[in-house]
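*Asks:* My structure is below; once you've seen it, I'll send some questions.
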Amino acid sequence: MHKEAAIREPLILGHKSFHDVTEDVCRPIEDKAPKMWYVLFGIAAIIGLYGVGCILYLLGTGVGVWGLNKTIGWAWDITNFVWWVGIGHAGTLISAVLLLFRQKWRMAINRSAEAMTIFAVFMAGLFPLIHMGRLWLGYWVLPLPNQFGSLWVNFNSPLLWDVFAISTYLSVSLVFWYIGLIPDFATIRDRAKKPVAKKMYSILAFGWSGRAKQWNRFELVSLVLAGLATPLVFSVHSIVSFDFATSVIPGWHTTIFPPYFVAGAVFSGFAMVQTLMLVMRKAMGLEAYIHTKHVEYMNIVIMVTGSIVGTAYITELFISWYSGVEYEAYAFINRATGPYWWAYASMMTCNVVSPQLMWFKKLRTSLVFTFIISIVVNIGMWFERYVIIVTSLHRDYLPSSWSMHYPSHIDIGVYVGTIGLFFVFFLLFARFFPVLALNEIKTILKSSGESYKNAPDTHHGHSANENNNEH
Amino acid sequence: MGMTRKYWKGLDELKETPEFLKSRDEEFPKEMSVEDFLSDDSLAESSTDRRDFLKFLGFSVAAATVAACEAPVVKAIPYVNKPENVTPGMPTWYASTYYDGNSYASIVVKTREGRPIFIKGNKDHGITKGATNPQIIASVLGLYDSARLTSPTKRSELTTWSAVDKDIKAAFAQVKAKNGKVVLVSNSIISPSTYDAIAALGAASGSTPENETFQHIQYDAQSYAGIRKANMETFGEAFIPDYDFSKAKTIVSVGADFMNSWLLPTQFVPQYISSRNPDGEWMSKHFQFETNMSITGSNADERGMIKPSQQANVLAYMLKNLGSPVNGVSTELSTQASKVADMAVKSLKASKGASLVIAGSNNAAVQILVNKLNMVLGSYNTCIHPANKINMFQSQDDKMNTFVNDVVSGKGPDMVLFYGVNPVYNLSNGKEFGEALKKIKNTISFAGHADETAVNCEFVCPDHHALEAWNDFNPKKSHYAIAQPTIRPLYNTAQAQESMMVWGGVASRGGKDSKVFYDVIAKNWDTYGFQTQAEIADLATYWGLKVHNSVGEEVSLEPVAVTFNAAALSGLSEKLPKTSTLEVEMYQKAGLGVGDQANNPWLQELPDPITKVTWDNYITMNPVEMAGKYATTFDQEHGLNLATITVNGKSIKLPVYPTPGQTPGTVGVALGYGRGANQEKIGRAAFQTKEYGGYAEDENGKLMPIGANAFAFVGSENGTMSYSAPASIKQEEGMYIIAATQIHHTVMGRHSIVRETTLETYKNKDKEAYNPSYTLQKLDENGHHVEAPMSEFDLWDAHPVEKIGHRWAMTIDLNSCIGCGSCLIACQSENNVPVVGKDEVRRGREMHWIRIDRYFSSDEEAAIGTRKDKDTFSFDKAEIAAENPKVIHMPMMCQHCNHAPCETVCPVAATTHSNEGLNQMTYNRCIGTRYCANNCPYKVRRFNWFNYPSYKKFTDINPAQDDIGRMVLNPDVTIRTRGVMEKCSFCVQKIQAGKLEAKKEDRPVKDGDVTTACADACPANAIIVGDWNDLKSIVRTSSDDKRSYQALEEVGVKPNVWYKTKVRNEDNKELAHLQVEPVAHSNGGHEVKAHH
């Protein structure tokens, strides 16, 4: 068995046995949901339904119900799209990249992070759809054989690359997530007493029996999918950034965008994981599995990616001046000092200053501070996209067309609605799905569990054998 | 020949097998009686069971449902007998003439399937040389106005012509019997034949030379009586002479907006433009002294800011410096204005005998000074032609004033007729006049709508729309013209002249196809035209030719000498307007003019050429004066401060709009707004609408007019109307949202958008000094960095449009464009561009395919688009327009880039490049991602945010939502649906038509075959369209000119549109300092780079 250095902090606190792990994860699913869950679900559902209502009004009336104009053709719609896609990135990074790098601390968070990814990509995918003038013809972006003549999609368009990138990303993430869920569903199935639940979980578990052969294949598939998903982590947001980078609009036409967008995505994604995880661990009693060390690790990722993002901002500023391009230079002067200076200032404060605070160990191990910063970062990252999209468009080449963007209440409704829908999905996930990869956690219990780690083998070997037989 | 061969269709037939015989014999089923059929027992064993039945039912329901989804099929009904001159799908063009009392032009009307759908200027015939204005082009929409009266009315009740005729004839008899007085109030009548009809009216009233009981008052909303009065005093005859701007080397206009409203702009603009060619022998120098920033002022070389009352001061100042001082008239001017006046004097001295001074004031005393100045300068019979009198604007202000006072004081005549006038709207005491009218027993209006005056009349006898009627015109002494109908009258209307003749007893009603007035015109043209010439022997040929051209032959006139009566100068000072700390000037906008077409949504949505505001009038004030008191910036969410102006106890409340160039101490208000204030049914688009559709209502539940009526301020001064007055202004609570299409006013020192230079630089320096080419560095074969032109750099392969087939291109001369907006309305008319209303415009969503960007200079710029000092240039200061800025108008539409950024980003390839260089938009394929619009550096793409042809928000404004209004739509251009992108197509339908025409004639396409609506409409010929691959085409030559450049060339999108540098005839040392010829690379390469 893999033996971990004694000085490494344990990843599972307390005297957890294998059975305890199963119990801890399955209990919320099997018990009645707490009142708080209903309250939160109710709020999320109402907000989500309001968003759905706004979307229906939008589809029935026209894109004009948003605050867009002839100069600013994209604003909150694509801002939200990029924001949600970015949030999704942490899940894939945790499940794929950290798997390949054998970062065991990921096991505590990968399940819910992946769930977050999928729900975030749902929300993200919604925006390119509803932002279309004619959604009902949206399938024309797919290269479908057709009888319209020689009509075919335009492979030059980054928007088309987006279609492929997002759909690939969503399908790979979904498969990856689901494969990981199968053994855990089997565990729940085996414990389920109510017939309906048993039936449901046995369907979901795909007949998993836990045989060695199945575990062997499971590991292999996980690795293969991790291999597939890893390039996606970098490709998806690179391609999203191409929407802007390949254009001719000053402030968009920037070669730094792909790495900068990927870093920003990971940055915001980890922040969202923090937000969700800090609440979830408390609410579901998972403090033993997701503890300060995990939070600290994630904060370090936030700090590193935040610094990359900050460097990118400053590089952009430098290049805009150094290039000597009049429009480029003005675009950045305008961002910082123009009518949208407040958006730029929010972005700079939230994304450049706040992650630097993580250099202090005291701060990065403080859960309250982490929670606050995680929200600050996501606000900052929303503003980053808003700044890139709106402040570049609103004052581009011809001053005659310069304009301002004011969101309508439908803009706000749709955005807030997607947050509601996201939480509807996430709460359902927390209620009915195993929020920790319990079978994966068990594999590190002996190497990284507090009660096993650095203790005499006899004592723990005994109890481990005991627990191994249970499920 | 015997049939020996046997033909068979198959071996079965040949062999006559039993199966074949059976099937042959039973090929057609035998008749079976119903009884037999029903008695067949096997029917009962039919295999249709319950499940089958449900399947069939399900299928039928589904099929019916699916079938119901199909759009209803509307079948086109072909002509049984093809009408003459109407070929479905082919336009027919008719020459005609437009005259509405304020504007005059020779026009050509395009009709499709019998419907007039487009008006453009007649370039071949007439005094206007193809020039029109937005109002003339937009007037075609007025024909299809559903608010027009559909038949005559008596006390607002619809009735029949026979009933009306009977009543009115009886009324005439009554008046005649008691020797009563009849007054006809009309706008200036320039139709010789109409005078015949009016004579019949006089006879009906029993008027005789001895006992004149019939009075005809000619009254214009905008009066020019001052000119006639001044000429009466100085030359002994009340007339308006003809002006020739093409001969004037120095033009000094003191408050006359001669490119937009003053007298005859449609004649003056082409004349003016002809002398503004920097490549010509000479280029005129234009000085403008004015209060409001007008279209004319925005095009002037030098512009002085004066108060309305200072027009006399400027004239006296110039007279003094030209050596003919006028006693008693103040020459006091601001430093700024006197500086410009000094330059003007210098220029006038240098061009004596070839200069022209005009003034906008309607005060006769001011016009006397103008006459004196022109006498001193020797302009008569060089630039001013007293022999060729302009017949427009008879403006009998004194008679009108007496008449109005009579009516108001109850001493009114026994009968009043209103023809082409709306005095209740455009008199300052219109409301009282309207009330008083009701007390007069017999009142008749010929208005097409139940307008402000007509609702107060007993009878309204609606006249035809101008496009439905015959007419003839004599706008000036040397010139005659004809107007011919282009459609059978849509409603039960009757030509006003016919009504006059019927009531006068000299004709009877002719119905819809009436020839009553036509016969009068034809007879007059026979008598005074045909019989006075010898070239054409046959009357039918003569008349056919005249109608075809709609213009008579030019009458040659001998020049008449004028002698100035020096006595006219005495005692002038008392008659001059008094100066005041705050003065208001009333002006006409390019769109609405005097308000006759206030119900025309195209014109309401036409951005004002200077302020770019739509759907409103406002108080213009210099932002320098507004600072600290009023908001000087605004956007779609934040409006402008409201204020009340008071003149002579009458107040109107309007927002205060920051207008650079407005003279400090003055404000301006546009006429023509505030129509329908008492709910008169003047048209659907004449009232304010709400954010989600429907009309806005005030607290009393009444519809709210658009803007406020500034005619309330028009006073009378020495017997003539006065369009300026001392005023007071008071700031009001609250803000007012304004809808402008441009909210940023300067070009921010950007050099590759607009370019301008001075005539001196242009003449003496190399192209690189004022129109530098963009170069980039590249490595030559020896590895050295060399500068190479932009055209050598390509990111990817160019579209194969060079040297193959056609490549449609356009050049736009910024030196010619005056910013009038005619192109915009022509484009709207040609391409079915939707009207979106004020709320959408303020949200930045106007749909115009062509816009005219207007840039003011800032204090940071030596000329628009140049930085005075590169090191101290401040973006903040560059955003603020100068107090008295220079102006450039820049038409901007799709540039049809050969490396179009919109084309690469469309995921579904809905926008593509044609092999003729056009950037095409396939509406059917568009899914509306708007990526193309974002990626357009020129921001010319327009998105259909809503379903404009059906969404309720646009019901009251978009003509396409009105059954009658829809008739104006051009059938060659599709109506775009919601969610698709649209933009300028270079009028691809006209290009195709031009190509077809050439193909039919089996010849290559040549210049003139292909044009766009905007180029066609431009009164200044600023826009040229053609085939760039044709090396000899005008557009190719024009694009190769040394003034030509491409906007944003350095972006590398390779547009097919070229702009030509504006050349001002001014002395601009700062600009001359910047525009230096580049020196050779070896001894100062940085000089070259300085332009990049």
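*Asks:* Let a ≥ b ≥ c be the square roots of the eigenvalues of the Cα gyration tensor of the protein assembly as shown; is it rounded (a/c under 1.5), or, if not, prolate (a/b larger than b/c) or oblate? Don't jump to the answer; show the numbers that get you there.
*Replies:* Values: a/c = 2.18, a/b = 1.61, b/c = 1.36.
Judged from the Cα gyration tensor, the protein assembly as shown comes out prolate (a/c at least 1.5, a/b above b/c).
*Asks:* Still on this structure, please answer the following. Filter B:LYS181/B:LYS523; B:LYS612/B:LYS1062; B:LYS886/B:LYS1069; B:LYS589/B:LYS1042; B:LYS868/B:LYS1062; B:LYS123/B:LYS349 down to the pairs with a C-alpha to C-alpha distance above 24 Å, please. Display every interim value, and only then the final one.
*Replies:* On the way: B:LYS181/B:LYS523 31 Å; B:LYS612/B:LYS1062 21 Å; B:LYS886/B:LYS1069 15 Å; B:LYS589/B:LYS1042 35 Å; B:LYS868/B:LYS1062 18 Å; B:LYS123/B:LYS349 35 Å.
Flagged as over cut-off: B:LYS181/B:LYS523; B:LYS589/B:LYS1042; B:LYS123/B:LYS349.
*Asks:* Can you give the mean number of other chain Cβ atoms that lie within 10 Å of the Cβ atoms in peptide B:901-913?
*Replies:* Working: counts 5, 1, 3, 7, 10, 6, 17, 12, 10, 3, 1, 1, 0.
Counting other chains' Cβ atoms within 10 Å and averaging over B:901-913 gives 6.
*Asks:* A further question follows. Kindly work out what percent of the DSSP beta bridges joining two residues of chain B are antiparallel, to the nearest 5. Don't skip to the answer; put the middle values down first.
*Replies:* Details: 78 of 125 bridges.
Given both bridge residues lie in chain B, the antiparallel proportion sits at roughly 60 percent.
*Asks:* Calculated FRET efficiency, B:MET90 and B:ASN381, Cβ-Cβ r, R0 45 Å, to nearest 0.05? Don't skip to the answer; put the middle values down first.
*Replies:* Details: r = 48 Å, r/R0 = 1.06.
Given R0 = 45 Å and the Cβ-Cβ separation, E is 0.40.
*Asks:* Probe radius 1.4 Å, ligands and nucleic acids left out: which of B:HIS1073, B:HIS744 has the largest accessible area, and how do the rest follow? Display every interim value, and only then the final one.
*Replies:* Values: B:HIS1073 140, B:HIS744 10 Å².
Accessible-area ranking of B:HIS1073, B:HIS744, largest first: B:HIS1073, B:HIS744.
*Asks:* Please identify every one of the GluC sites (Glu not before Pro) in region B:977-1074 that sits in a loop by DSSP and has no more than 16 other beta carbons within 10 Å of its own beta carbon.
*Replies:* Details: sites: B:GLU982, B:GLU997, B:GLU1001, B:GLU1049, B:GLU1050, B:GLU1066, B:GLU1070; in loops: B:GLU1001, B:GLU1066.
When the GluC sites (Glu not before Pro) of region B:977-1074 are filtered for loop state and at most 16 Cβ neighbours within 10 Å, B:GLU1001 remain.
*Asks:* Additional query: Just to be sure I follow the definition: excluding the sites themselves, where is the longest run in chain A that has none of the trypsin sites (Lys or Arg not before Pro) in a DSSP loop with at most 10 other Cβ atoms within 10 Å?
*Replies:* Working: sites that count: A:LYS3, A:LYS32, A:ARG102, A:LYS193, A:ARG211.
Between the exposed loop sites, the longest stretch runs A:212-471.
*Asks:* Also: Can you compute the FRET efficiency between B:LYS778 and B:GLU637 using 1/(1 + (r/R0)^6), with r the Cβ-Cβ distance and R0 = 41 Å? Round to the nearest 0.05. Show your work: numbers first, answer last.
*Replies:* On the way: r = 48 Å, r/R0 = 1.16.
That pair, B:LYS778 with B:GLU637, gives E of 0.30.
*Asks:* Please compute the average number of Cβ atoms from other chains found within 10 Å of each residue's Cβ in peptide A:59-67.
*Replies:* Values: counts 0, 0, 8, 11, 8, 14, 2, 1, 4.
Across A:59-67, the average partner-chain Cβ count within 10 Å equals 5.
*Asks:* Now for a separate question. Between B:ALA798 and A:ILE43, what is the spin-label point distance in nm, taking each point 7 Å from the Cα along the Cα→C-beta axis?
*Replies:* 6.3 nm
*Asks:* I'd like to compare B:570-580, B:450-460, B:536-546: which one has the highest average count of other Cβ atoms within 10 Å, and what's the full order after that? Mind dumping the intermediate values first?
*Replies:* Values: B:570-580: 15.5, B:450-460: 24.8, B:536-546: 13.7.
For the peptides B:570-580, B:450-460, B:536-546, the packing ranking is B:450-460, B:570-580, B:536-546.
*Asks:* If you count, for every residue in B:943-953, the Cβ atoms of partner chains within 10 Å of its Cβ, what is the mean?
*Replies:* Values: counts 8, 5, 10, 5, 3, 2, 0, 0, 3, 1, 3.
That works out to 4 on average.
*Asks:* Over 32 Å between Cα atoms, which of B:LYS399/B:LYS441; B:LYS154/B:LYS476; B:LYS129/B:LYS154; B:LYS129/B:LYS650 qualify? If you can, show how the numbers build up before the last one.
*Replies:* Values: B:LYS399/B:LYS441 21 Å; B:LYS154/B:LYS476 37 Å; B:LYS129/B:LYS154 43 Å; B:LYS129/B:LYS650 42 Å.
Correct reply: B:LYS154/B:LYS476; B:LYS129/B:LYS154; B:LYS129/B:LYS650.
*Asks:* Let me ask something else about it. Assuming 0.36 nm per residue, please report the length gained on full extension of the stretch B:GLU212 to B:ARG488 beyond their Cα-Cα distance.
*Replies:* Numbers: separation 276, 0.36 × 276 = 99.36 nm, distance 3.77 nm.
Length gained, B:GLU212 through B:ARG488: 95.6 nm.
*Asks:* If the cut-off is a Cα-Cα distance under 20 Å, which lysines reach A:LYS282, setting aside same-chain residues fewer than 8 apart in sequence?
*Replies:* In chain and number order, the partners are A:LYS16, A:LYS32, A:LYS35, A:LYS293.
*Asks:* Under 1.5 on a/c is rounded, so check that first for region B:106-222, then, if it is not, pick prolate when a/b is larger than b/c and oblate when it is not; a ≥ b ≥ c are the square roots of the alpha carbon gyration tensor eigenvalues. Display every interim value, and only then the final one.
*Replies:* On the way: a/c = 2.96, a/b = 1.64, b/c = 1.80.
Since a/c reaches 1.5 but b/c is at least a/b, the shape of region B:106-222 is classed as oblate.
*Asks:* Can you pull the one-decimal nm distance between simple spin-label points at A:ASN216 and B:LYS523, each 7 Å off the Cα toward Cβ?
*Replies:* In this crude spin-label approximation the distance works out to 11.6 nm.
*Asks:* Now, a different point. Only bridges whose two residues both fall in the protein assembly as shown count here: according to DSSP, what percent of them are antiparallel, nearest 5? Write out the running numbers ahead of the final one.
*Replies:* Details: 78 of 126 bridges.
Around 60 percent antiparallel, to the nearest 5.
*Asks:* Please give the length that would be gained between A:ALA283 and A:VAL52 if that part of the chain were fully extended, namely 0.36 nm times their separation in residues minus their C-alpha to C-alpha distance (nm, one decimal).
*Replies:* Values: separation 231, 0.36 × 231 = 83.16 nm, distance 2.81 nm.
My answer for the length gained is 80.3 nm.
*Asks:* What total accessible surface area, summed over both chains, is buried at the interface between chains B and A, computed with a 1.4 Å probe and given in Å² to the nearest 100?
*Replies:* Details: alone 46160 and 21240 Å², together 62390 Å².
The summed interface area works out to 5000 Å².
*Asks:* Please state, as a whole number in µm²/s, the translational diffusion coefficient that the Stokes-Einstein equation yields for chain B at 20 °C and 1.002 mPa s, with Rh defined as the Kirkwood radius across alpha carbon pairs.
*Replies:* Details: Rh = 32.1 Å.
Answer from the Stokes-Einstein relation: 67 µm²/s.
*Asks:* Now for a different question. Loop-only trypsin sites (Lys or Arg not before Pro) in region B:994-1061, please: DSSP not H, G, I, E or B, and at most 10 other Cβ atoms within 10 Å.
*Replies:* Details: sites: B:LYS995, B:LYS999, B:LYS1000, B:LYS1006, B:LYS1032, B:ARG1036, B:LYS1042, B:ARG1043, B:LYS1060; in loops: B:LYS1006, B:LYS1032, B:LYS1042, B:ARG1043.
Counting only loop positions with at most 10 other Cβ atoms within 10 Å, the trypsin sites (Lys or Arg not before Pro) in region B:994-1061 are B:LYS1032.
*Asks:* In addition: Order of A:345-354, B:502-511 by packing, highest average Cβ count within 10 Å first? Can you show the working numbers first?
*Replies:* Numbers: A:345-354: 19.2, B:502-511: 17.3.
Result, highest mean first: A:345-354, B:502-511.
*Asks:* Setting aside same-chain residues fewer than 8 positions from B:LYS285, which aspartates and glutamates have a Cα under 19 Å from its Cα?
*Replies:* Qualifying aspartates and glutamates at Cα under 19 Å: B:ASP244, B:ASP257, B:ASP301, B:GLU302, B:ASP342, B:GLU756, B:GLU760, B:ASP813, B:GLU1066, B:ASP1067.
*Asks:* What value, in deg cm²/dmol to 500, does the helix sum -39500 (n - 2.57) over DSSP H runs of n ≥ 4 give at 222 nm once divided by the residues of the protein assembly as shown? Mind dumping the intermediate values first?
*Replies:* On the way: 50 runs with 591 residues, N = 1563.
Counting only the DSSP helices, I get -11500 deg cm²/dmol.
*Asks:* Once label points are set 7 Å from the Cα along Cα→Cβ at both B:GLN336 and B:LYS702, what is their separation, rounded to one decimal in nm?
*Replies:* Each label point lies 7 Å from its Cα, and together they span 3.9 nm.
*Asks:* Counting only heavy atoms of protein chains, what accessible area per residue, in Å², does the protein assembly as shown have with a probe of 1.4 Å? Kindly include the intermediate steps, with their values, before the conclusion.
*Replies:* Details: 62390 Å² over 1563 residues.
That works out to 40 Å² for each residue.
*Asks:* Using Cα-Cα distances under 8 Å and only pairs 6 or more residues apart, what relative contact order does chain B have, in percent? Write down the numbers at each step before the final one.
*Replies:* Values: 2361 pairs, mean separation 139.8, N = 1092.
In percent, rounded to a whole number, it is 13.
*Asks:* Expressed as a rounded percentage, what relative contact order does region B:423-468 have, with Cα pairs under 8 Å and six or more residues apart? Before the final figure, lay out each step's value.
*Replies:* Details: 58 pairs, mean separation 15.1, N = 46.
Worked out over region B:423-468, it gives 33 percent.
*Asks:* On to the next question. Could you work out how much longer the chain between B:ALA177 and B:TYR195 gets when fully extended? Use 0.36 nm per residue separation minus the Cα distance between them, nm to one decimal.
*Replies:* Fully extending the segment from B:ALA177 to B:TYR195 adds 4.1 nm.
*Asks:* Next question, about the same structure. Suppose R0 equals 45 Å; then what is the FRET efficiency for B:ASN764 and B:LEU539 from their Cβ-Cβ distance, rounded to the nearest 0.05?
*Replies:* It comes to 0.15.
*Asks:* Let me ask something additional. Checking the a/c ratio against 1.5 first, then a/b against b/c, what shape does the Cα gyration tensor give for region B:515-628?
*Replies:* Values: a/c = 3.73, a/b = 1.59, b/c = 2.34.
The shape class here is oblate.
*Asks:* So which GluC sites (Glu not before Pro) in region B:877-965 pass both tests, a DSSP loop state and at most 10 other Cβ atoms within 10 Å of the Cβ? Walk me through the numbers on the way to the answer.
*Replies:* Details: sites: B:GLU879, B:GLU883, B:GLU903, B:GLU916; in loops: B:GLU879, B:GLU883, B:GLU916.
Sites meeting the loop and neighbour criteria: none at all.
*Asks:* Quick check: the angle from helix A:212-245's long axis to the longest principal axis of chain A, C-alpha only, nearest 10 degrees?
*Replies:* Helix A:212-245 sits at roughly 20 degrees to that axis.
*Asks:* Right, next: For region B:220-315, calculate the relative contact order in percent as a whole number, restricting contacts to Cα pairs under 8 Å that are 6 or more residues apart. Could you put the intermediate results ahead of the total?
*Replies:* On the way: 127 pairs, mean separation 22.8, N = 96.
Worked out over region B:220-315, it gives 24 percent.
The values are calculated or read from the model by the stated rules, or taken from the named source; none is laboratory data. Quick caveat, the model's predicted, so the values are computed rather than measured. Methodologically, a virtual Cβ is constructed for each residue, glycine included, from the backbone with ideal geometry; neighbour enumeration extends over all protein chains shown. Remember, those area values only see protein heavy atoms, side chains included, never the ligands or the DNA or RNA. Shrake-Rupley method; radii C 1.70, N 1.55, O 1.52, S 1.80 Å.
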